[in-house]
Amino acid sequence: MLHTPTIEHISPLSGRTNATWEAPFSSQPPLKAHNTSENTNSVWGSDFQREFSSNAATAEPTPRARSIHALPKEPPSSSRTSSQHSLLMEDQVESNWEQDPYEADPHLTISLLGLYFTHVGSVTYCMFPREQFIAWVVMCREKSQDDRMLLYILLAMGSVFSPDVGQRSVGKRFAEIAAHASRKRFGKFSLQLCQSRLMLALFYFSRGKAAEAWDYSGASLRAISALKLNTEEGVKDFPDDDLDFGFDRPTLEECRRRTFWSGFLMDRYNGFCGGTLCFIQPEDTFLRLPCLETDFGSPFPRESALFDFEFFKEPQPNVPPGAMTHLTLISAIWGDVLLFTSRAINRPDHSYPERYEKFYDITSQRLDGWRNSLPPHLRFTPSNLDDSFVAGSSGTFISLHALYHATQMRMNRYARIATFSPSTLRRNTYRANKSATKFIRIAQALAPATRLDRRPNSPPEYILTTPFSGYALMLAVDIVSAGGAIAGLPALVESIGTGLPAVAELADFWASAKVQHKAISLRLKQLAEIALSEDDSARRGQFWRLSGSLEPSFTKKDDLIYGIEDRVFFDIMDGDMMNEEE
């Protein structure tokens, strides 16, 4: 699939250039950045900073005074060439890399690590046990270059979710240090390099830098492959006298295992951006699934099952699958659908129907098996959603359902219309609309106002920060807004409008959400105009129909929602509505 401008605004891991994100944004997210003197002092006025200030008048600052926050800001003087200035900046970054950020500013380090674990490290990319990792950061006084590289990018990732302008600013500098360190460690594969590149990809994605995110993601996956973390043998291949992060051996094994699965997940989120497909194939994965969340960090974790697409067909092991296992398995199915639909557009008509139906049947069985395996607390209800915010697992909970519905929508929508029978057209169109409608209801439950109505005393940190949910809502709106009955249009406008603030909330952290919000808002405006004007060109008697998809990467011959004739579309929709009423 080519990397087109349109795919950038719907992709779960992509974005446009920085200029795109400077446009005015009408909706006000619940967590606004601020920069009061009190908060500025908390970031820049630590004991370490005061020491730096007190030493400024002396001839030579102490080594401790080479502040991680003191990167030179002034432009090069007339007596200094730009190349000399660049070398000076690089020397400064190199010097910062040699400094442990915790020793420089313990308060800032712990604050940003807390944000990292709340919004990233306990959501999708669960690579470290929180308590043990933070204890290592505090206690270890001899961190390696790789350790410091990793720590800087984790702090940078945490800063993305800070309401403080000063912390966000220093987070950008931390990312520069980590990126510099990553370049310096080129070809020197280590666990920390894999993890740092993954988080660099996520950081640049949050800022709307698609090319950098794609590049770091690919580099991380290659490093993961070099360490053979796709196998149990590779996961366990390290000496007993060299245990990273102060972990015991079982915890480090699980950390390495989860690093692979984090790369696997990012590959599925980002696999079709930039003209590439998924790098890691399930057929090359010979690894145990993530352990239960309660076992991560235990010296005696229970052994999880080996990864297998037939996981839900086999007798369940004694150890029930945890949330990250469910997330891994639905991501694997999503990745398969990405690959199939992207490849299928190039297949000839004569071989298409048999291939498609075989794939459709197998994937439908896997999706049903996955959905039926969810324990009660992971099934979607507004109450379970609220409980997940309280438990700090809302990101994983939301991602599970966003991936499931995105998979259903994509599999049912993108197919070769000319090869389908009327019954197959009806089946796919109905199922795509059904899944889209269900996810819009989920988005309504995610909206800040509805969450507050259900639990008015929720703490302010209970915020939506899962970017894939914005992408899934984009897919859903694109499907349900393709056409329908005039009588149902006001209710449709209301349902989309109620869910839209969930994307606005994401936009304070993820650049892609701003573009998704704009696109959905424009579509909502179109629908409102159709509802209000009897002369609108989109009206077709008792029905209405839009011709332009929000995601035109597929041509209409491979898009059931926008490619079938109006008469057939209205007949299907009319029949489906009557079935729903019955």
* Filter the range 171-186 for residues that are touching a residue at least 40 places away in the same chain (Cβ under 8 Å) and more than 11 Å from residue 93 (Cβ to Cβ); which is surrounded by the fewest Cβ atoms within 10 Å (Cβ to Cβ)? -> 185
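Okay, residues lined up against (1) in a helix (DSSP H, G or I); (2) loosely packed, with under 12 Cβ neighbours inside 10 Å; (3) not basic (Lys, Arg):
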position	(1), (2), (3)
283	yes, yes, yes
291	no, no, yes
298	no, no, yes
326	yes, no, yes
334	yes, no, yes
338	yes, no, yes
342	yes, no, yes
369	yes, no, yes
* To do: Please specify each residue of the range 444-460 satisfying the condition of being within 26 Å of residue 116 (Cβ to Cβ), in a helix (DSSP H, G or I) and modelled with pLDDT of 85 or more.
  => 446, 448, 451
* **Boolean, residue 463 is surrounded by 20 or more Cβ atoms within 10 Å (Cβ to Cβ), at pLDDT below 95 and β-branched (Val, Ile, Thr)** => yes
* Does residue 394 satisfy the condition of being over 19 Å from residue 332 (Cα atoms), buried (at least 19 other Cβ atoms within 10 Å of the Cβ), without any contact (Cβ under 8 Å) to a residue 12 or more places away in the chain and polar (S, T, N, Q)? -> no
* Structure fact -> If we keep only residues of the range 209-220 that are out of contact with any Asp or Glu (no Cβ under 8 Å at 6 or more places or on another chain) and crowded, with 24+ Cβ neighbours inside 10 Å, then the residue nearest to residue 288 (Cα to Cα) is 220
* Test for residue 259: is it β-branched (Val, Ile, Thr) and buried (at least 24 other Cβ atoms within 10 Å of the Cβ) -> yes
* Report yes if some residue within the range 527-541 is at pLDDT 90 or above and under 13 Å from residue 477 (Cβ atoms); otherwise report no. => yes
* To do: Tell me which of these residue 223 doesn't satisfy, since it passes every other one: (1) over 26 Å from residue 184 (Cβ atoms); (2) buried (at least 23 other Cβ atoms within 10 Å of the Cβ).
  => (1)
* Structure fact -> Given the conditions (1) in contact with a His (Cβ under 6 Å, 6 or more places away or on another chain); (2) of a type outside the set (Gly, Ala, Ser); (3) assigned to a helix (DSSP H, G or I), every one holds for residue 434 apart from (1)
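Considering only the range 80-173, give the helices (runs of 4 or more DSSP H) lying wholly within it that have at least 2 residues that are closer than 30 Å to residue 396 by Cα.
Counting at least 2 such residues, we get 101-104, 106-116, 130-139, 145-159.
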* Scan the range 343-354 and report the pairs whose first residue is of a type in the set (Val, Ile, Thr) and whose second residue is at pLDDT 85 or above, with Cβ atoms within less than 7 Å and a gap of 6+ or a chain change. => 345/554; 345/558
* Restricting attention to helices (runs of 4 or more DSSP H) lying wholly within the range 473-582, give those where 1 or more residues are aromatic (Phe, Trp, Tyr) and over 30 Å from residue 171 (Cα atoms). => 560-563, 566-581
* So which pairs qualify, if the first residue must be in the range 411-425 and in a helix (DSSP H, G or I), the second must be acidic (Asp, Glu), the Cβ gap must be under 6 Å, and the two must be at least 6 apart or on different chains? -> 419/349
* Asked: List the pairs whose first member sits in the range 190-215 and is in contact (Cβ under 8 Å) with a residue 24 or more places away in the chain and more than 10 Å from residue 510 (Cα to Cα), whose second member is in a loop (DSSP other than H, G, I, E, B) and of a type in the set (Val, Ile, Thr), and whose Cβ atoms are under 8 Å apart, counting only residues at least 6 apart or on separate chains?
  -> 209/17; 214/276
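The values are calculated or read from the model by the stated rules, or taken from the named source; none is laboratory data. Owing to the predicted nature of the structure, the values given are computational and were not obtained by experimental measurement. Counting neighbours? That spans all protein chains shown, and the Cβs are built from the backbone with ideal geometry, glycine included.
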